Amino acid sequence: MLINGSISIQDQSMPVQNQIRPLRSCLLSKKVNGNYVLCIKNSMYPNCINYNVKNLEAVHAKFAKEGKITLRFKQPKHQISVKADDTKMLLMFLRQLEDIIKGKDVKIGTRLIPNKVPAKKDVNRFDPAAREFKAVDRFDRRVLNMRQLNSLILENCVLPTLPEQIGDLPISFLSLAGSKLATSSQYDQDIFWDWMSKTTIGNTLKNLNIDSVNLTIVPFEIMFLRNLQSLSLTKNKLTHLPDCIGELDKLHSLSLSDNKLRFMPARLSLKEFLLLDLAQNNFLNYQQDIDILDKFHENCKNVAREWGTPLSYKNLVSLSICSIIRDHVTFSRKNIPRTLWHLFDTVGRCGTCKKIVPYECFTSLIYFRDPQAREYKCSISKTIPWLQLLCFKCVVLL
Ligand SMILES: [Zn+2]
């Protein structure tokens, strides 16, 4: 029987040695000329050291269920501590050893000791009961069997797709930072986020990290993650945030440094953040833009007059989109026509009447004010530009 693991060999005939370093080793039981022999191979004994089982003085197996045993030989006077990679194999080995000691005729396979001591394998990598999983270079579908997963780290991986079943895992922390996400087509980029539409993850996810993935647009499905408290989107290529990010009532930490943001959605201006990081962005300049604000404002009113209030809600598609968002209906992007996808990116809530309004029924204006955050980072002055949406009904009243 072959056991792989870490083994330390202490020569008890020598004066007390301080620390005996365990080495990656193989332990093989075999029968040589009618004698049962335990053979150990590692970097200290590349040609193996053999122990006759007849010389075995004691076996300490108190921690065998944790994969650890100690064997003491009288000739040579060695104490051998074994930490096996596979606990089940070690328990079988112990049973075999017990039979040999009892004098039974034990049949031993003729397996040879490997040429090379195998490196440690993480045998519990896909333990279905694990609470945390960190991928090495790619996503492995076996993760989907880990039904008690709390933390999923898919950093610096190649992720052409993410199965939507991830959304069925009860995770509270997810990081995709530094990974290579779908970039082959806009379609791939859009459906990459289907997992956000799942009920389970919508209830459990509190921390989401999507740093450094070349993100150009925040998917509208983010609004389904209603328990999200902390969102990090640093080092991306975002020029704006979707207005629907304001639907995330529990969000208190938002990191957006190192993007290309021109302004922030006004719905976040009244929110009190614990952390708001806006450093390294392209925010509109206060002095430069204040002059055009009045003009802009006047234009908004004119547009509103042209459209007229009664027109605002005649479009059935717009009406249904607004009710879907208002009533917190969760849906999967793939279940609605592709031609409607962009409408969800542009829908917003009127800053005055707070109604959800489709893009053809609102206008916008920019104003400057200080954000509210206990910890605030920004490379320009504290005051930043906010984009306020106004439905035509309200803009006429301005
Ligand atoms: Zn309004």
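The values are calculated or read from the model by the stated rules, or taken from the named source; none is laboratory data. This structure is a prediction, so every number in the text was calculated from the model and none was measured. For neighbour counting, all protein chains shown are included, and Cβ atoms are generated from backbone atoms with ideal geometry for every residue, glycine included.
Can you find even one residue in region 91-104 that is under 19 Å from L23 (Cα atoms) and assigned to a loop (DSSP other than H, G, I, E, B)?
Checked against the condition, which is being under 19 Å from L23 (Cα atoms) and assigned to a loop (DSSP other than H, G, I, E, B), region 91-104 yields no hits at all.
Residue by residue, here is whether (1) farther than 30 Å from L174 by Cβ; (2) assigned to a strand (DSSP E or B); (3) free of Cβ contacts under 8 Å to residues at least 12 places away in the same chain holds:
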| residue | (1), (2), (3) |
| --- | --- |
| K62 | yes, no, yes |
| I80 | yes, yes, no |
| I108 | yes, no, no |
| P118 | yes, no, no |
| P128 | no, no, no |
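One line per residue, one yes/no per condition, for (1) within 30 Å of V158 (Cβ to Cβ); (2) of a type in the set (K, R); (3) at pLDDT 90 or above; (4) in the same structural domain as V32 (by TED's automatic domain parsing):
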site: K68; (1), (2), (3), (4): no, yes, yes, yes
site: F73; (1), (2), (3), (4): no, no, yes, yes
site: K77; (1), (2), (3), (4): no, yes, yes, yes
site: L90; (1), (2), (3), (4): no, no, yes, yes
site: L97; (1), (2), (3), (4): no, no, yes, yes
site: V106; (1), (2), (3), (4): no, no, no, no
site: T110; (1), (2), (3), (4): no, no, no, no
site: N115; (1), (2), (3), (4): no, no, no, no
site: R125; (1), (2), (3), (4): yes, yes, no, no
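Just the residues that are under 15 Å from H240 (Cβ atoms), of a type in the set (G, A, S) and more than 16 Å from the ligand (Cβ to nearest atom), please, taken from region 343-398.
none
Of (1) among the β-branched types (V, I, T); (2) more than 29 Å from C378 (Cβ to Cβ); (3) crowded, with 21+ Cβ neighbours inside 10 Å, T200 satisfies all except one. Which?
The single condition T200 does not satisfy is (3).
So W195 passes all but one of these: (1) surrounded by fewer than 18 Cβ atoms within 10 Å (Cβ to Cβ); (2) under 17 Å from the mean Cα position of the chain (by Cα). Which condition number does it fail?
It is condition (1) that W195 fails.
Applying the selection to region 32-60, what residues are within 26 Å of A119 (Cα to Cα) and touching a residue at least 60 places away in the same chain (Cβ under 8 Å)?
If the condition is that a residue be within 26 Å of A119 (Cα to Cα) and touching a residue at least 60 places away in the same chain (Cβ under 8 Å), then C39, K41, N42, S43, C48 are the ones that fit.
Does D86 count as surrounded by 12 or more Cβ atoms within 10 Å (Cβ to Cβ) and within 30 Å of L169 (Cα to Cα)? Before you say what the answer is, go through the steps one by one.
Values: surrounded by 12 or more Cβ atoms within 10 Å (Cβ to Cβ): yes; within 30 Å of L169 (Cα to Cα): yes.
It is true that D86 is surrounded by 12 or more Cβ atoms within 10 Å (Cβ to Cβ) and within 30 Å of L169 (Cα to Cα).
Is one or more of the residues making up region 317-333 at pLDDT 80 or above, in contact with a helix residue (DSSP H, G or I) (Cβ under 6 Å, 6 or more places away or on another chain), under 29 Å from L251 (Cβ atoms) and within 12 Å of the ligand (Cβ to nearest atom)?
Scanning region 317-333, I find no residue that is at pLDDT 80 or above, in contact with a helix residue (DSSP H, G or I) (Cβ under 6 Å, 6 or more places away or on another chain), under 29 Å from L251 (Cβ atoms) and within 12 Å of the ligand (Cβ to nearest atom), so the answer is no.
Mind listing whichever residues of region 14-66 are of a type in the set (S, T, N, Q) and surrounded by fewer than 18 Cβ atoms within 10 Å (Cβ to Cβ)? Let's see the steps before the verdict.
Within region 14-66, the first condition is being of a type in the set (S, T, N, Q), and the residues that meet it are 17-19, 25, 29, 33, 35, 42-43, 47, 50, 52, 55.
Hits for region 14-66 are Q17, N18, Q19, N33, N35, S43, N47, N50, N52, N55.
Would you confirm whether any residue within region 216-233 is assigned by TED's automatic domain parsing to the domain that holds G167, in contact with a Ser or Thr (Cβ under 6 Å, 6 or more places away or on another chain) and among the hydroxyl-bearing types (S, T, Y)?
Yes, because at least one residue in region 216-233 is assigned by TED's automatic domain parsing to the domain that holds G167, in contact with a Ser or Thr (Cβ under 6 Å, 6 or more places away or on another chain) and among the hydroxyl-bearing types (S, T, Y).
So P160 passes all but one of these: (1) in contact with a helix residue (DSSP H, G or I) (Cβ under 8 Å, 6 or more places away or on another chain); (2) under 26 Å from I324 (Cβ atoms). Which condition number does it fail?
Unmet for P160, out of (1) in contact with a helix residue (DSSP H, G or I) (Cβ under 8 Å, 6 or more places away or on another chain); (2) under 26 Å from I324 (Cβ atoms): (2).
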